[in-house]
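In what follows, a structure is listed as structure tokens, so that the remarks can point back to it.
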Amino acid sequence: MPRAIQISAFGGPEVLRSVDLPVGEPGPGQVRIRHHACGLNFIDVYQRTGLYQNPLPLVLGMEGAGIVEAVGDGVSHLQPGDRAAYAAGTPGAYSELRVMPATQVVQLPDGIDFETGAAMMLKGLTAQYLLKKTLPVEGLQPGDWVLFHAAAGGVGLIACQWARALGLRLIGTAGGAAKCQLALEHGAAAMIDYTREDFVARVKDITGGRGVKVVYDSVGRDTFDGSLACLRPFGLLASFGNSSGPVPPFAIGTLGPKGSLYVTRATLFTHIATRERTQEMADELFDVVASGEVRIRIDQRWALADVAEAHRALEARRTTGSTVLLP
């Protein structure tokens, strides 16, 4: 019987348990996929702890790649035997085999291996919608400064490269000299080590006191106020994660005196709600990877059975680039 990693209660990494789960035939609009690799993302931590709640018991994981074994009625873009990858709105990737909606599953090009496919979908599509769709009211033009927190992580390293390809000057933050150097090697125009530097002061220094047009912030509570202070007038703070904890309530009236600022809470799954939009975004991601402008860096590999240790490393900020779990 296929194995999966399931939680029956919210909590720390210790709640992750390996279980046998039966997997049946796909129903209408569904596909059955046998995973060769799945991705690790901070949203998995949010779901494990209950910050983002789902019904229990729950198999975690939002990103994977493998071989299509069967398709249900109404699925025409995939066939048994296809290589496939996905970033899905429904958890379940921490498994050897799963049945899932086919909407967000796409064919994986032959030139991209399964580990890269599992590492790139959620993170790459996130970088894509942030840099191409989540824009300040004045837009972004080549030469503009943007700030990207956690620039040495999976999303961050992709964003560094993609921003460079777009002609943007990305200022990144990371913890430690090694992580800062890694982001610089992947296209960041400047890096700030938040363990020894005030990132607000450094952003103002780098930009000649003007600030940036947009801040992409997946850290949350610890960076929110500082991120607002880094924005130029009419700038946008795009919050897309909570690795330090959720952002507390704030007075919207403070945005006016700070420069008529904008704030949004963005999520990938709004952008990939339809099969057509998912395919369009995936094609753009595959193209930029195939061109060499963006390379997917996998720095950690764990057996799926060791996923608890992977979660501990991710939460302790001991990872760089992407992490894959191997069934």
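The values are calculated or read from the model by the stated rules, or taken from the named source; none is laboratory data. Model, not experiment: these values are computed from the prediction. Counting neighbours? That spans all protein chains shown, and the Cβs are built from the backbone with ideal geometry, glycine included.
Where strands (runs of 3 or more DSSP E) sit wholly within segment 169-223, those with at least 2 residues that are without any contact (Cβ under 8 Å) to a residue 40 or more places away in the chain occupy 169-174, 190-193. Residues in segment 192-242 that are touching a helix residue (DSSP H, G or I) at 6+ places or on another chain (Cβ under 7 Å), farther than 21 Å from residue 42 by Cα and either of a type in the set (A, V, I, L, M) or at pLDDT below 95 (or both): 192, 200, 212, 229.
Remark: residue 200 falls outside the filter, which requires a residue to be buried (at least 23 other Cβ atoms within 10 Å of the Cβ), under 24 Å from residue 251 (Cβ atoms) and over 21 Å from the mean Cα position of the chain (by Cα). The strands (runs of 3 or more DSSP E) found entirely in segment 45-104 that carry 3 or more residues being in contact (Cβ under 8 Å) with a residue 60 or more places away in the chain are 97-101. Taking residues in segment 272-291 that are under 15 Å from residue 103 (Cβ atoms) and not assigned by TED's automatic domain parsing to the domain that holds residue 77, and partners anywhere that are of a type outside the set (Val, Ile, Thr) and modelled with pLDDT of 95 or more, the pairs with Cβ atoms closer than 6 Å and at least 6 places apart or on different chains are 272/104; 278/104; 281/125; 281/128. Taking the criterion of being buried (at least 17 other Cβ atoms within 10 Å of the Cβ) and either more than 28 Å from residue 239 (Cα to Cα) or of a type in the set (S, T, N, Q) (or both), the residues of segment 1-14 that qualify are 4, 5, 6. Check segment 109-126 and report whether any residue there is touching a Leu at 6+ places or on another chain (Cβ under 6 Å) and of a type in the set (A, V, I, L, M). Yes, there is a match, as at least one residue in segment 109-126 is touching a Leu at 6+ places or on another chain (Cβ under 6 Å) and of a type in the set (A, V, I, L, M).
Considering every residue within segment 242-263, establish whether at least one is part of a loop (DSSP other than H, G, I, E, B), hydrophobic (A, V, I, L, M, F, W, C) and within 14 Å of the chain's Cα centre (by Cα).
The answer is no; no qualifying residue exists.
Candidates are the residues of segment 203-222 that are under 11 Å from residue 148 (Cα atoms) and among the hydroxyl-bearing types (Ser, Thr, Tyr); the one that is surrounded by the fewest Cβ atoms within 10 Å (Cβ to Cβ) is 218. Scanning segment 112-133 for residues that are in contact with a Ser or Thr (Cβ under 8 Å, 6 or more places away or on another chain), more than 26 Å from residue 313 (Cα to Cα) and of a type in the set (Ser, Thr, Tyr) turns up nothing.
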